[in-house]
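Notes follow the structure.
Just so you know, all these numbers are worked out from the coordinates, no wet-lab data involved. Quick caveat, the model's predicted, so the values are computed rather than measured. Every residue, glycine among them, receives a Cβ derived from its backbone with ideal geometry; neighbour counts consider all protein chains shown.
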Amino acid sequence: MQLELGNILVKDVQWGSRSEIRKGVVYVNRQELLDTLKDDRLARIDIDIVRPGDAVRICPVKDVLEPRVKVEGKGQVFPGFFGNAEMVGSGKTNVLKGMTVLTVGKIVGFQEGIIDMSGSGAEYTPFSRTINLVLLCDQADGLPQHEHEEAVRMAGLKATRYISQLAANVTPDESVTFATKPLAQQMAEFSGLPKVAYVYMLQTQGLMHDTYLYGLDVKKILPTFLYPTEVMDGAVISGNCVSACDKNTTYHHMNNPVIADLLARHGQDLNFIGVVATNENVTLLDKERSSNFTAKLVESLGVEGVIISEEGFGNPDADLIMNCRKIEALGIKTILITDEYAGRDGASQSLADGNPLANAVVSGGNANAVIELPPMPKVIGYIDAVEIIAGGFDGALKKDGSITVEIQAITGATNELGFNRMGALEF
Amino acid sequence: MASIRVVHYLNQFFGQIGGEEKADIVPFSKEGPVGPGTALVQALDGDMEIVGTVICGDTYFNENLEAATEKVIALIAGFRPDLLIAGPAFNAGRYGMACGAVCTAVQERLKIPVVTGMYEENPGADMYKKQIYIVKTGNSAAQMRKAIPALARLAGKLARGEVMGSPAEEGYLARGIRRNVFHEQRGSARAVAMLLKKLQGEPFDTEYPMPVFDRVTPRPAIKDLSKAKIALVTSGGIVPKGNPDRIESSSASKFGRYDLSGINDLDENTFETAHGGYDPVYANQDADRVLPVDVMRQLEKEGVIGRLHNIYYATVGNGTSVANAKKYAHAIGEELKQEKVDGIILTST
């Protein structure tokens, strides 16, 4: 399967009388976009544009997405939500690089996050470095939580699709091609290079903890095989905010750095066979079943090593360690990517489960570390939420608008796909 | 002009009193540097001066721990120091224990920075590395020339309150504190590099060595449940509606105790969950799903259990550090013990 990603480098996003892209600037007809998003379940939708360096705080953030559109090849981006679950990952896809669509609104659960576009918090989130089209979506009165989550999720997908379609006929500034072959052929390639796979753990613990694969709730899957390029076309989307710091937003999935970095060395230092997507369900039986299937699938791929990425923490630490233990037991080497909850002082143990076989771990950082965020003149969303979101606490919000929180409240801060440079080390 | 007053702690051997035959010598002090102190003075920054040296026999110190510590602290305090340097002790076990104990006590009581040096297998290193900075040295005094500059460098940093770098950068023994840093490469690239090393059988450094987990031995079974007082304790975040104690949705800083007198059933008007780590909808509809008060009352009525303790305890397990969880468990356990509770049902999520 071969996919060419054509990056259109976005210089700015501005309001315009017509939605279009001219010379790298994305113009958006605000009213037309609002009309596209109409949904009885949403009482209010507002749209704003924020840029790197702005004195703006966004909270509570639900998801972040990247506009991508199929130019050639089967299917549509976000398959299963659009375009009838046609298989994606081949042909050509245009990407609006440097911008995102970001959803914010009244809190659904406890897990939504903060994004600061400048100040001390900005360096912890990748989305302080992108131009963000921010959708503020508030639910209709009395809307149950599950529908609230779905309505906002769909608004994000629809807005992203609307923007992405503007890029369908634009010539990309740069393009890069990724290719892996069907299993038997890929196995025969690159003789002498170690064969490796990627075990992609997806959060599936219920409301605000769900992920979708081709539109299917991943709670309900058995571990399954994906070509690396499928993910680049939005085959996996987020319906969750575990804690904001280690939730994989849809943007993270589309730009999965493990896949990117394995492909970067594909044919040079290793032979990247493919991706095993698995879930993180809540019951022990589900955990055992999924980790057994994952290990079996990895074994059947004939690989010598895997990278396993976790999503979330605590309960999923059990899934992470089960996957590690069962795959290592087959003589296949594992590398784990996780983050840590070592307490505010960093002196506590970091994971809820462990095993001596888990001897190769990459850390996304200690999510309990505390940070002071300065007051921001402009807030998009509802700042009171910082007292109840994961990482916040009673008294987190000061009178002057400054905030003291654990970095777990910052969207993407300790990402477990290894998206960031931050990590924790022992001092 | 020296402005930072340093005191140096040595044992009988490095204090130039004698070998094992003098190991029971009681603490005493001398003005200025002694033995390795003279080399240390050369290595220390110009504004740091060793104003005095306190010497104690290793046997005396280890056999009279409390009295020796008191005497040593008094002698050190007499010099009105800004910083204490002890050793280095290399692989000398009793000397290492003494250096660790003196440093820890001085740090705590005199509130000044302290630093010592040891070989990493010195028993004193394992015992004290979490409390104090211990410069990593070789295993014998033959390594003195290498140890002194490292010790002096760290002493200077500590005296000035400068930001301390990583153990690898600064040469001290890791203290078990997880701190965030920004690496050169993003995590995924570090993972790929580590994978290639592991596949090729090359050495690699994990970023998080696995901790050793506690295992709790189960108590013997309750002989007669029908006379037993049973309590409910949950980490599932079930609190009276409105979360009166404002228990955090993640990384809880506290636990709550709540009255169950006269309550036979939890419902959506009176109880809810504060927990941010699972789908709260079903717990909010009926909190008995996490804290089974209804079932416990039924068992009480049927005489299966003696009675349900009228106070239940709740915290949020989500993102809460193990150290904090342990602290709450000990506090809750103490209270339940005083209330003569026979058994506890622990529920999570």
**Prompt:** Can you give the average number of partner chain beta-carbon atoms within 10 Å of each beta-carbon in peptide B:201-207, as a whole number?
**Reply:** 4
**Message:** Using a 7 Å offset from the Cα along the Cα-to-Cβ direction at both B:Gln16 and A:Lys38, what is the distance between the two label points in nm, to one decimal?
**Reply:** 9.5 nm
**Asked** Which loop GluC sites (Glu not before Pro) in the range B:255-305, with loop taken from DSSP, have no more than 14 other Cβ atoms within 10 angstrom of their Cβ?
**Response** B:Glu268, B:Glu302
**Item:** In nm, spacing of pseudo-spin labels at B:Phe182 and A:Val379 (7 Å Cα→C-beta vector)
**Value:** 2.7 nm
**Message:** Past 25 Å, Cα to Cα: identify those pairs from A:Lys62/A:Lys220; A:Lys74/A:Lys181; A:Lys92/B:Lys197; B:Lys22/B:Lys146, in the order given.
**Reply:** A:Lys92/B:Lys197; B:Lys22/B:Lys146
**Request:** Holding the Cα-Cα limit at 30 Å, pick out from A:Lys11/A:Lys378; B:Lys130/B:Lys327; A:Lys70/A:Lys219; A:Lys333/B:Lys157; A:Lys70/A:Lys333; B:Lys223/B:Lys254 the pairs that are longer than that.
**Result:** A:Lys333/B:Lys157; A:Lys70/A:Lys333; B:Lys223/B:Lys254
**Request:** Kindly work out what percent of the DSSP beta bridges joining two residues of chain B are antiparallel, to the nearest 5.
**Result:** 30 percent
**Fill in**
Distance in nm between B:Lys111 and A:Ser300 label points, each 7 Å along Cα→Cβ, equals 6.7 nm
**Asked** Hey, got a sec? Which GluC sites (Glu not before Pro) in the range B:120-200 land in a DSSP loop and have at most 12 other Cβ atoms within 10 Å?
**Response** B:Glu121, B:Glu162, B:Glu184
**Prompt:** When the Cα centres of the range B:182-256 and the range B:96-146 are compared, how far apart do they sit, in Å?
**Reply:** 31 Å
**Asked** So, with +1 on the Cβ of K and R and -1 on the Cβ of D and E, and no other charges, what is the size of the charge dipole of chain B about its Cα centre, to the nearest 20 debye?
**Response** 400 debye
**Asked** Antiparallel DSSP bridges in the range A:2-409: what percent, to the nearest 5?
**Response** 50 percent
**Request:** Evaluate peptide A:141-152: per residue, the Cβ atoms of other protein chains within 10 Å of its Cβ; return the mean as an integer.
**Result:** 1
**Asked** Quick one: longest stretch of chain A between exposed loop GluC sites (Glu not before Pro), exposed meaning at most 15 other C-beta atoms within 10 Å and loop per DSSP?
**Response** A:190-427
**Asked** What percent do you get for the relative contact order of chain A when only Cα pairs under 8 Å and 6+ apart count?
**Response** 19 percent
**Request:** For the protein assembly as shown, give the magnitude of the charge dipole about the Cα centre (Cβ charges: +1 Lys/Arg, -1 Asp/Glu; no others), in debye to the nearest 20.
**Result:** 880 debye
**Prompt:** Percent relative contact order of the range B:4-170, based on C-alpha pairs within less than 8 angstrom and at least six residues apart?
**Reply:** 22 percent
**Item:** Cα centroid separation, the range A:52-121 to the range A:133-187 (Å)
**Value:** 6 Å
**Prompt:** Mind checking which lysines have their C-alpha under 17 Å from B:Lys227, skipping anything on the same chain fewer than 8 residues away?
**Reply:** B:Lys301, B:Lys337, B:Lys340
**Request:** In whole angstrom, note down how far apart the Cα centers of the range A:17-32 and the range A:302-325 are.
**Result:** 43 Å
**Request:** Please check chain B for the longest run free of trypsin sites (Lys or Arg not before Pro) that are loop-located per DSSP (anything but H, G, I, E, B) and have at most 10 other Cβ atoms within 10 Å.
**Result:** B:224-339
**Asked** For the range B:88-202, with only Lys/Arg (+1) and Asp/Glu (-1) charged at the beta-carbon, what is the dipole magnitude about the Cα centre, in debye rounded to 20?
**Response** 200 debye
**Complete:** Mean per-residue count of partner chain Cβ within 10 Å for B:210-223 equals 2
**Item:** Percentage relative contact order, the range A:186-274, counting C-alpha pairs under 8 Å, at least six apart
**Value:** 40 percent
**Complete:** With R₀ set to 45 angstrom, the calculated FRET efficiency between the beta-carbons of B:Glu31 and A:Ala347, to the nearest 0.05, is 0.70
